[in-house]
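Inspection log for the structure reproduced underneath, given as structure tokens.
The values are calculated or read from the model by the stated rules, or taken from the named source; none is laboratory data. Note that the coordinates shown come from a computational prediction; the quantities given were computed from them, not determined experimentally. Positions of Cβ are generated from backbone atoms using ideal geometry, with glycine treated the same way; all protein chains shown enter the neighbour counts. Only protein heavy atoms, including side chains, enter the accessible area calculation; ligands, DNA and RNA are left aside. Shrake-Rupley method; radii C 1.70, N 1.55, O 1.52, S 1.80 Å.
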Amino acid sequence: MLSITGLAEIAALVGDPSRAAMLMALMDGRALTAGELARAAGVTAQTASGHLGRMLEAGLLALEAQGRHRYYRLASPAIVGMLEAMMVAAAPPSIRTGPRDAAMRRARICYDHLAGEISVALADAMIARGQIDPGTDGAALTDVGRALLDQIGVELPPRSEGKGAVFCRLCLDWSERRHHIAGAVGAALYRTFLAQNWIRRVEGGRTVNVTPPGREALRRHFGIEV
């Protein structure tokens, strides 16, 4: 169980502006070098190294070595969920929430799944059609939902795959303040949408564009007009 001291330490780590900037730079699921993260945070390489070491030790980041290069990524989807929740809590009280960029508000990547207006509409549609049961303590993909995903070619992992892996959950969307689909189901939907060329990542950022075939697929399979 996480102690009060441990919780305070994590909060203090994330609360530093430079470390927060580094964590935000990794929200799109990429692995970045120390130099790239230093530039994202606007700090020197030496300062970045100290920050990265502390976040590695705390379990916020994971390190992957490839040849002479060392890459940092967020340690798990749970870290992404924590950061998204903190972004919601930190937003100033106003009608407008989330990013100012309209394209990013419409659709973006949240680590390994989709977020934004379209993703929230997708969750709403699947819940309304009985394909996802939101429940009271999480979410569940129903037999009807599984049949739909099989129909459009979504390859779902076994429910038991991965230690502590969450099969299906609802994630509070930063900009919409409503839920989108996360967990293994959300990640599988994102991979399928990419493979089918229904969406395209915008290079160098988290924004995702919906293609013409994607608009037709969303209308046909989920009843969503984009």
- [ ] Give the number of residues within the stretch 36-65 that are in contact (Cβ under 8 Å) with a residue 12 or more places away in the chain, surrounded by fewer than 20 Cβ atoms within 10 Å (Cβ to Cβ) and in a helix (DSSP H, G or I).
- [x] 6
Open item on the list: I'm checking my understanding of the structure. Among residues of the stretch 138-155 that are surrounded by fewer than 15 Cβ atoms within 10 Å (Cβ to Cβ) and within 14 Å of Ala182 (Cα to Cα), which one is modelled with the highest pLDDT?
Closed with: Ala140
Task: Count of residues meeting criterion [open to solvent by less than 20 Å² (accessible area, probe 1.4 Å) and either without any contact (Cβ under 8 Å) to a residue 24 or more places away in the chain or assigned to a helix (DSSP H, G or I) (or both)] in the stretch 191-226 - done: 7
Task: the stretch 11-35, subset in contact (Cβ under 8 Å) with a residue 60 or more places away in the chain and part of a helix (DSSP H, G or I), residue surrounded by the most Cβ atoms within 10 Å (Cβ to Cβ) - done: Leu23
- [ ] Would you please name the residue that is most open to solvent (accessible area, probe 1.4 Å), looking only at residues in the stretch 67-102 that are modelled with pLDDT of 80 or more and over 19 Å from Arg19 (Cβ atoms)?
- [x] Arg68
